[in-house]
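Okay, so here's the structure we're looking at.
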Amino acid sequence: MFKKWWKRAVKYRVAYLFILPTIIGMLILHVTPIFQGIYMSFLDLSQFTLNQYLAAPFVWFQNYYDVLINPNSPVRIGLFEAARNTAIYTIVVTFGTLWIGLLAALMVNREFKGKGLVRTLFLFPWVVPTYVTGILWGFMWQKEVGIINILLKDVFHIVAEKPFWLIGPNTLWAIIIPTIWRYWPFSMLLLLAGLQQIPEELYEAADIDGASPWRKFWMITWPLLKPVWAILILFGLIYNVYAFNIVIMMFGFGAGFPGEWGDLLMTNIFRNSFMQWNFGVGTAISVLLMITMIIIVNVWFIYYRKAEESTK
Amino acid sequence: MPYYLKKRIIDWIIHMFMFGLLAVTLLPIGWMIYSSLKENTDILIGKIPLSNARNNVYEIMLDGPDLWVLTSDGGINKWDKNTLKEEDHATAQTMTTHFLLDKQHVWVSSANKHLQKFDKDDLKKSKQFNLPLPDFDKAKVVNSTIVSRQGKIYFTMGYKGFEELLEFDPVQEKVTRRFSLKNKLSPTQIRSLLPYKDKMLVGLDKGLLKLDLKSGKVEAVYNLVQYLPIGIARLRAINGKIVVSGNTGAFLFDTEKGKVTKTLYTGNALGLRVHGDKVYVGTNRGFKLYDLKTGKMQDHAQLFRQVRVDGTVIKDSEFAPAEVATLAFNGDRLYLGSTYGRVSIYNVKDQRVVGEGAARMGHLVISWVNYIDMWRNVDFGLYLRNSFFICGLAMVFAMVFATLAAYALSRFDFPGSKSFSMIILATQMVPGIMFLIPTYSNFVKLTEMTGFPIKGTYYGIVFVYSAFFVPFSIWILRGFFAAIPVELEEAARIDGCSPLQVFWHVALPLAIPGIIATGIYVFLQAWDELVFAWVLTSADTMTIPVGIRNFVGNYQNRFDLIMAAATVATIPVMILFFMLQKYIVKGLTAGAVKG
């Protein structure tokens, strides 16, 4: 067994040369920090102990206790709201980008004049940097001077009073919509590529059988697009749980607090870590979040495998 | 309904819906660029269209049968002097404009276009002269002034510390002399000019200066700050005396005695004209008329139509007092110019308005100056350079390492390859902040122990970015290498190539499109990265996102500048994307569909 393994290793020894730089880089920047981070989540790291963090007091599960159970701990203020917002935000954004992207992909996957240009123009929001997206929509959501309220009240007379977008429950929409706007073109791009791989004969056969467009979509398009939307959902979940830039830049242009309906877990951790220097708590929340994500991704994989097997 | 008709209608509806979606998608980007070109005051009152430049009448001049109405936005209106009908029109699109008429031309001086001339008979014929002036902050130039004397044009500009007078020869079309106006009151700001015998009288913000044009020497300076604390805006000569005026009043000044002999008016004197023994002072509410011989004073107020808040003139409204900025004489008929392009013909004897006209609206103001202001306020050039440098280097390093690793993973079934690719996938599931917190303290710690700075340096952030983007790049690139037929490489092996040679001469060239696509993707991602840069860069190595964050934090209500900064941050990547979009689209979709 070992001999075989060794033989293989010797045969492909050049491969180790190829991956060596990556391994070194990942050791320094990925592997070590993760273990360090887990270790730090057991330490009492505040602005006083940060400088000698190797000598910081080891407090076992104190940080986790503070984050999860301790009713009097200050770090829990706003944490539940952040988790709730993150959950809603992630789900709405992930499926919103998927559905709008699919809609757009179906629309541009037709023959018409200027097809290439329309596709390119659709992709533009995806090139706008996320911090610019935050700044731009933060400006557009302004109560008095924002274009959205001007359009809603002064131009189209849809509402009687200009609503607050960046204060109160509306905030959740104010962060969801720009994120969908920024990311759906990418979904469209991948789904369009997937659509173009579906053989035309399938639709022709369905036409002969007299299938309705609706039925054709659900029986042919959707199942055959599965590899694409599966990836999109997986990466959507991961990216959106860890979303940060758009939200942090939208409120006070990077200086403000998003409020109880706009705060996400990442902004919460960042505040705890780099503004209040509570690194222990910050890493503890990160570790918890990481574990949650690993569970979700595994559940997703199991479901995906099962679904894959059932179609075979 | 026939089948094909129904199909066409549905198709048309889908088409309209698609363009609707496209419009909604592009609206925010358009709005960003548009807002960056607007004036902030318009943004703050929620006004959507661009503003027109203010068309206040600055100068009215009679010239034969024509009336020249010259407005502050650089508008040149040639009217018939009796009917006030427009005969010709041009706009110089200038700031802080001043005008001069000679036999053949209208001369326009301004802060932004220096000196221009327009042909009187055909205003379309114009020419601009750039004068040898220092590079001003144009927003801080208060006024520009031109006067003519013996066929020469004298030009100067009101800018604190700029104390020069330029003599321009309109025939040779070049500057023939330069006079230094350095004086004992320096630094001063030049507000007005008046040729007087063989002297040039210069109105300063602190007083009056007498320049001898022959010798080019400053002869005398009179301090008039007690009368006109912010300067002499207008100068006229009458009966061997000088009338000086400004925002606190109009005064009679005796050049021989060197002092003010009489106060004519206290208040904001906007316009000043002399005619015979009479002095006309335009004020905020009409104009005053002084007879120097009799010492009598007359007040004329009901001169102009009223104006709405948005600047449009109300027709048939009662005549009301308004600013008189300029006037011209034609016997008893006075031509008066006011704000918002209003012009009245006023009969002084009968004390009534006998004719009226309106100058054209000012040109649309596109505030390119926002970009200049923004650039002046932040070191945006540095951020751009840093971003290009850091993201570019990170892209190159990430691509080199990722290509090697991806090739190894797709071609060699070496022990550990499975766990290696698992780890690569797993790193994508860890929040970036999880890497950031320990990395930050490691950097600080390392510097403390070795004295070798890492945080806030270029190599620190380049290393972090390169290493950070490698796993994802490997993941995409693996698909490209997997798509290259193995047979090609096997043939090369049989021909006696080493594994390295096969990689270099066979696999790599075939994977170049994929590498370019992935590289651009990495560049876009690095350009977009805020958190690591926020924590790990210093003032010198700051990238655009961090610079913008600091900048917009300090200019919360300057939406025009903020949008200008946002546009500048977006345009480079947008151009990059537009140029290379074929690669990106092909590359990313190929990787994703296969993955």
Tell me whether the stretch A:37-52 contains one or more residues that are in a helix (DSSP H, G or I) and either touching a strand residue (DSSP E or B) at 6+ places or on another chain (Cβ under 8 Å) or within 30 Å of B:Val396 (Cβ to Cβ) (or both). yes
Please go through (1) within 13 Å of chain B (Cβ to nearest Cβ); (2) under 25 Å from the mean Cα position of the chain (by Cα) for A:Leu45 and return the number of the only condition it doesn't satisfy. (2)
Hits in the stretch A:267-293 (condition: open to solvent by less than 10 Å² (accessible area, probe 1.4 Å), modelled with pLDDT of 80 or more and facing chain B (nearest Cβ under 7 Å)): A:Ile269, A:Phe270, A:Gly282, A:Thr283, A:Ser286, A:Met293
Condition check: at pLDDT 80 or above, of a type in the set (Lys, Arg) and surrounded by 13 or more Cβ atoms within 10 Å (Cβ to Cβ). Does A:Arg110 satisfy that? no
Only residues that are closer than 15 Å to B:Lys125 by Cα and in contact with a Gly (Cβ under 8 Å, 6 or more places away or on another chain): list them for the stretch B:71-89, please. B:Gly75, B:His89
Any residue at all in the stretch B:399-412 that's surrounded by fewer than 20 Cβ atoms within 10 Å (Cβ to Cβ), closer than 29 Å to A:Ile238 by Cβ and within 11 Å of chain A (Cβ to nearest Cβ)? yes
Report, by residue number, each residue of the stretch B:422-453 that is outside any helix (DSSP H, G or I), open to solvent by 20 Å² or more (accessible area, probe 1.4 Å) and within 11 Å of another protein chain (Cβ to nearest Cβ). B:Gln428, B:Met429
Can you pull out every residue in the stretch A:141-167 that is more than 10 Å from chain B (Cβ to nearest Cβ) and open to solvent by less than 30 Å² (accessible area, probe 1.4 Å)? A:Trp141
Inside the stretch B:335-381, can you point out the residues that are of a type in the set (A, V, I, L, M) and under 30 Å from B:Pro545 (Cα atoms)? B:Val365, B:Ile366, B:Val369, B:Ile372, B:Met374, B:Val378
Would you say B:Val324 is β-branched (Val, Ile, Thr), open to solvent by less than 70 Å² (accessible area, probe 1.4 Å) and not in a strand (DSSP E or B)? yes
Mind listing whichever residues of the stretch A:181-191 are more than 7 Å from every other protein chain (Cβ to nearest Cβ) and closer than 14 Å to A:Pro227 by Cβ? A:Ser187, A:Leu191
Residues of the stretch B:454-469 being closer than 15 Å to B:Val396 by Cβ and either touching a Lys or Arg at 6+ places or on another chain (Cβ under 6 Å) or among the small types (Gly, Ala, Ser) (or both), which ones? B:Ser466, B:Ala467
Is one or more of the residues making up the stretch A:294-302 at pLDDT below 85, part of a helix (DSSP H, G or I), in the same structural domain as A:Ser187 (by TED's automatic domain parsing) and out of contact with any Pro (no Cβ under 7 Å at 6 or more places or on another chain)? no
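Given the residues B:Val502, B:Val486, which is the only one that is surrounded by fewer than 19 Cβ atoms within 10 Å (Cβ to Cβ) and more than 45 Å from the chain's Cα centre (by Cα)?
Just one listed residue meets the conditions, B:Val486.
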Of the residues in the stretch A:124-140, those that are surrounded by fewer than 24 Cβ atoms within 10 Å (Cβ to Cβ) and more than 7 Å from chain B (Cβ to nearest Cβ) come to A:Trp126
Looking at the stretch B:293-321, which of its residues are hydrophobic (A, V, I, L, M, F, W, C) and assigned to a loop (DSSP other than H, G, I, E, B)? B:Ala301, B:Leu303, B:Val309, B:Ile314, B:Phe319
Strands (runs of 3 or more DSSP E) within the stretch B:96-182 that include 2 or more residues surrounded by fewer than 19 Cβ atoms within 10 Å (Cβ to Cβ): B:126-129, B:143-149, B:164-169, B:174-180
Kindly indicate the residue of the stretch A:226-236 that is hydrophobic (A, V, I, L, M, F, W, C) and more than 10 Å from chain B (Cβ to nearest Cβ) and also nearest to A:Pro258 (Cα to Cα) among those meeting that condition. A:Ile233
Can you tell me which of (1) open to solvent by 10 Å² or more (accessible area, probe 1.4 Å); (2) at pLDDT below 85; (3) facing chain A (nearest Cβ under 10 Å) is the one B:Ile14 doesn't meet? (2)
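The values are calculated or read from the model by the stated rules, or taken from the named source; none is laboratory data. All of these numbers come straight from a predicted model, not from anything done at the bench. Neighbour counts run over all protein chains shown; Cβ positions are idealised from the backbone, glycine included. Ligands, DNA and RNA are stripped out before the accessible areas are found, and what is left, the full protein with its side chains, is counted by its heavy atoms. Shrake-Rupley method; radii C 1.70, N 1.55, O 1.52, S 1.80 Å.
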